[in-house]
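The next block holds one structure in the form of structure tokens; read it before the comments.
The values are calculated or read from the model by the stated rules, or taken from the named source; none is laboratory data. On a predicted model such as this, the values are computed, not experimentally measured, just so you know. Ideal geometry is used to build each Cβ from the backbone, glycine not excepted, and the neighbour counts take in all protein chains shown. Only protein heavy atoms, including side chains, enter the accessible area calculation; ligands, DNA and RNA are left aside. Shrake-Rupley method; radii C 1.70, N 1.55, O 1.52, S 1.80 Å.
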Amino acid sequence: MTKKGAGEQELRTRLRLPPGEPVDLSAHDTRATPGDPGGKDAALAQTGRMGRRLAALQDRLWAASTAGDRRRVLLVLQGMDTSGKGGTVKHVAGLLNPAGCRVRAFRAPTAEERAHDFLWRVRRALPRPGEIGIFDRSHYEDVLVARVRHLAVPAEIGSRYGRINDFERSLADDGVTVVKCFLHLSAQEQRRRLLRRLDRPDKRWKFDPGDIEDRALWPAYQEAYATVLERCAGPHAPWYLVPADRKWYRNWAVCRLLLEHLRDLDPRYPEADFDVAACRERLTRHT
């Protein structure tokens, strides 16, 4: 069994928000680098090494599922526009075997999705046994955007927090390890990134004029996120607050969190259900 690194456990402890406690996002530095391995260059090098370990553990998780192991992992990425959800997906998923990785980006619900319960489209996108799922946005949009944009009445929004908690508890009971990361970005850094999208022709496709309107709603979104981080956390699905102003740190931290959880699962290759020696002898004799 692979030995756990003390630094990895320490990082998870540092980034985990205490369940049920009020969250003041202004008290968390968006440029902080908890557990920093030694600066940007060191983090980039370590991320590459973590990739090899993640791929090995992913292979074992997939192999274990062929013998009936129902465990899988769901990485949930939430954050304001430009916080780097898509960039993190690219960096994390790029380290994994795509055959065992299920990525879903949740945008505004379609007409079909609106005709169902808000969790309907999420349930359909869950990873299967042996898979690693990554959500770029998630079911939390329905207590974030819906709250800020008044897309549902307050009583309905209020009921959704409990339904989300029940849903995530049921996932844990079914063998899903849920890793929820809030990518904490500053308003100043968001402004810089949006301006960069406008300045660069190869980035303009990412720009949405609606992002300017959303910036005017920044305080409301911060309040909505603080409520989510307080009310939708528990031992089965805690929140990890990842400072996101520094992209290199954000990618390193999320990779490290994912690695920790996979190492805790410690999936094993299944034992052969056939006579290995006899098969070897037959193969050797006939060739």
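How much mean residue ellipticity at 222 nm does the chain get from its helices, if each DSSP H run of length 4 or more adds -39500 (n - 2.57) and you divide by all residues, to the nearest 500 deg cm²/dmol?
Values: 12 runs with 146 residues, N = 287.
That calculation yields -16000 deg cm²/dmol at 222 nm.
Go ahead and run the numbers for FRET between residue 14 and residue 116, Cβ-Cβ distance against an R0 of 30 Å, rounding to 0.05.
On the way: r = 38 Å, r/R0 = 1.28.
Calculated value: 0.20.
Would you mind telling me the antiparallel percentage of the DSSP bridges in the chain, rounded to 5?
On the way: 1 of 24 bridges.
Looking only at bridges with both residues in the chain, the antiparallel portion is about 5 percent.
Residue 55 versus residue 128, label points 7 Å from Cα toward the beta carbon: distance in nm?
Label-label distance for residue 55 and residue 128, simple model: 2.3 nm.
Which label belongs to the value computed from this structure, given these candidates for mean projected area of the Cα convex hull in nm²: [x] 19.0; [y] 14.7; [z] 23.8?
Step by step, mean projected area of the Cα convex hull in nm² for this structure corresponds to label [x].
How much accessible area per residue does the chain have, counting only protein heavy atoms and a probe of 1.4 Å, in square angstrom?
Counting only protein heavy atoms, the per-residue value for the chain is 50 Å².
Taking R0 as 35 Å, what's the FRET efficiency between residue 161 and residue 264 from their Cβ-Cβ distance, rounded to 0.05?
Numbers: r = 27 Å, r/R0 = 0.77.
The value I calculate is 0.85.
Probe radius 1.4 Å, ligands and nucleic acids left out: which of 282, 250 has the largest accessible area, and how do the rest follow? Before the final figure, lay out the partial values.
Details: 282 140, 250 10 Å².
Of 282, 250, the descending order of accessible area is 282, 250.
Percent relative contact order of the chain, based on C-alpha pairs within less than 8 angstrom and at least six residues apart? Each step should come with its number before you reach the end.
Values: 402 pairs, mean separation 100.0, N = 287.
Once normalised by length, the contact order is 35 percent.
On the full set of protein chains, 1.4 Å probe, figure out the accessible area of residue 62 and give it in Å² to the nearest 10.
120
Please work out how much accessible surface residue 90 shows to a 1.4 Å probe, ignoring ligands, DNA and RNA, in Å² rounded to 10.
About 140 Å², rounded to the nearest 10.
Ignoring ligands, DNA and RNA, what percent of the 1.4 Å accessible area of the stretch 172-241 is carbon and sulfur? Mind dumping the intermediate values first?
On the way: 1770 of 3430 Å².
C and S fraction of accessible area: 52 percent.
Any idea what the dipole of the chain comes to, in debye rounded to 20, about its Cα centre with Lys/Arg Cβ at +1 and Asp/Glu Cβ at -1? Spell out each step's value before the answer.
Numbers: 51 positive and 39 negative charges, 193 e Å.
In total the dipole reaches around 920 debye.
Got a number for the accessible area of residue 223? Probe 1.4 Å, square angstrom, nearest 10.
We get 110 Å² for residue 223.
Between residue 191 and residue 220, how many nm apart are label points set 7 Å from Cα along the C-beta direction?
Here the modelled spin labels are 2.0 nm apart.
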